[in-house]
Every structure is written in structure tokens, then in C-alpha cells.
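A short write-up of the structure that comes next.
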Amino acid sequence: MTTSSRTLGDLFDTFEREAFRLETLDDYSRSGNVDAYRAFLAGEPQPDDYNAGWVEELRSHTGNGKRIYRVHILLRPLSDYLRFELGWGYQKNMSGGEEFFILDVTDRPNPLVDVPDFWLFDSESVAAMEYDGTGKFLGAEVLSPERTVEFTGFRDLALAQAVPFTEWWAEYRA
């Protein structure tokens, strides 16, 4: 239950130290740049300005000493969307200072089954993300402060079992 009128955007605009994201889906194709995804699938080169707005926002935060990082829980073989997200998105976003980690559950149990995608800001505020079964973003719910410890634990568990993206990508690039 939401106890605040704060939104995900408010939290992103006001965090002071770190913003963490857990990604759990293998398809977000109806939530972002659909045209870029289609271009990727068609084998077109990545446009120079791909994700430019997000990269600039990342730079504004990381340039002020803030950390933005995420763990993506995934299975191999990668879906077409994950090949796009990791190959185009993560590569580009790293230029803005975002850090990525992979929790590959191909050969082991997922330690965070049924945990939703979420953003955690300064280990103080959580926004749970909601998607439909097709990868379409439906909204974010800022959770009550009582839930923060639970989601901080999810973050810590994910990070403890994840590996840096660049290491994982070097081994498993699709």
C-alpha cells in the first residue's frame, strides 16, 4: 500500500547517494524504445544518439558522485530482447556511468523467485515496478517505508550472487 504521494520520478530526482534497480524479466520490448528494438532486430547499426537522454541523466547523477547500478536476473540462451538490452542498452548506458551486474540462473536456482522489478533509492525508498505478460510497463508503486528492509535484502542477495556485466558478457555474448 502506498503511504506517500511520491512517485518514481520524484525518487529518481531526489536521491542523494545511490539508485539500484533489479530487473527480472527477459522482455521489456513494449516499455521502451520500440523503434530501436525493431532496428536491432532488422540488423541495423545502433544510432549514435541511441539512449542519449538517459545517458545525459546518468552523467548528471554520476558526475555528482551518485551511484546508479542494477542487477539483471536472466537465463541463457538470451531472448532477442535481452540481446538488444545488453548489447545496445547496457553498452551505451555504461558510457554515462551506470554499473551493471548479471545474476545468471541458467544452471542454478533463482534466489529471488517472485521478487518484482524494483528501484531502491539510498536504501530508504522503494518503487516496485509492474509489467504485464508482454513486457509493457504498467506503473510503479512507491512502497511503505516498512518494506525498505525487505527490498534492501533482495538487493544485497542479488549483488552477492551476481557478476559484473563486462565479465559475464565477455563469456556469454550472444
Among residues of the stretch 110-141 being among the aliphatic types (A, V, I, L, M) and open to solvent by 50 Å² or more (accessible area, probe 1.4 Å), the residue farthest from PHE12 (Cα to Cα) is VAL113
Any chance the stretch 139-154 includes a residue that's in contact (Cβ under 8 Å) with a residue 40 or more places away in the chain and in a helix (DSSP H, G or I)?
yes
Being touching a helix residue (DSSP H, G or I) at 6+ places or on another chain (Cβ under 7 Å) and assigned to a helix (DSSP H, G or I) narrows it down to one of TRP119, TRP169, so name that one.
TRP169
Kindly provide the set of residues from the stretch 142-154 that are of a type in the set (Lys, Arg) and open to solvent by less than 20 Å² (accessible area, probe 1.4 Å), ordered by number.
none
Within the stretch 144-174, which residues are over 15 Å from ALA19 (Cβ atoms), at pLDDT 95 or above, under 19 Å from the mean Cα position of the chain (by Cα) and not aromatic (Phe, Trp, Tyr)?
GLU150, GLY153, ASP156, LEU157, ALA160, GLN161, ALA162, VAL163, PRO164, THR166, GLU167
I'm told ASP132 meets every condition in (1) modelled with pLDDT of 95 or more; (2) more than 16 Å from the chain's Cα centre (by Cα) except one. Can you identify the failing condition by its number?
(1)
On the given criteria, is LEU75 within 24 Å of ALA170 (Cα to Cα) and either among the small types (Gly, Ala, Ser) or open to solvent by 60 Å² or more (accessible area, probe 1.4 Å) (or both)?
yes
Just checking, which of GLY32, GLY97 is touching a strand residue (DSSP E or B) at 6+ places or on another chain (Cβ under 9 Å), open to solvent by 20 Å² or more (accessible area, probe 1.4 Å) and on the phi > 0 side of the Ramachandran plot?
GLY97
For the stretch 26-106, give me every one of the helices (runs of 4 or more DSSP H) that falls completely inside it and has 3 or more residues that are free of Cβ contacts under 8 Å to residues at least 40 places away in the same chain and either under 26 Å from ALA162 (Cα atoms) or within 17 Å of the chain's Cα centre (by Cα) (or both).
52-62
Could you please find all residues in the stretch 1-25 being free of Cβ contacts under 8 Å to residues at least 24 places away in the same chain and assigned to a loop (DSSP other than H, G, I, E, B)?
SER5
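The values are calculated or read from the model by the stated rules, or taken from the named source; none is laboratory data. If you're wondering where the values come from, they're calculated on a predicted model, not measured in any experiment. Please note: Cβ atoms are built from the backbone with ideal geometry, for glycine as well, and neighbour counts cover all protein chains shown. The protein model used for the area step is the full one, side chains on, heavy atoms only, and it has no ligands, DNA or RNA in it. Shrake-Rupley method; radii C 1.70, N 1.55, O 1.52, S 1.80 Å.
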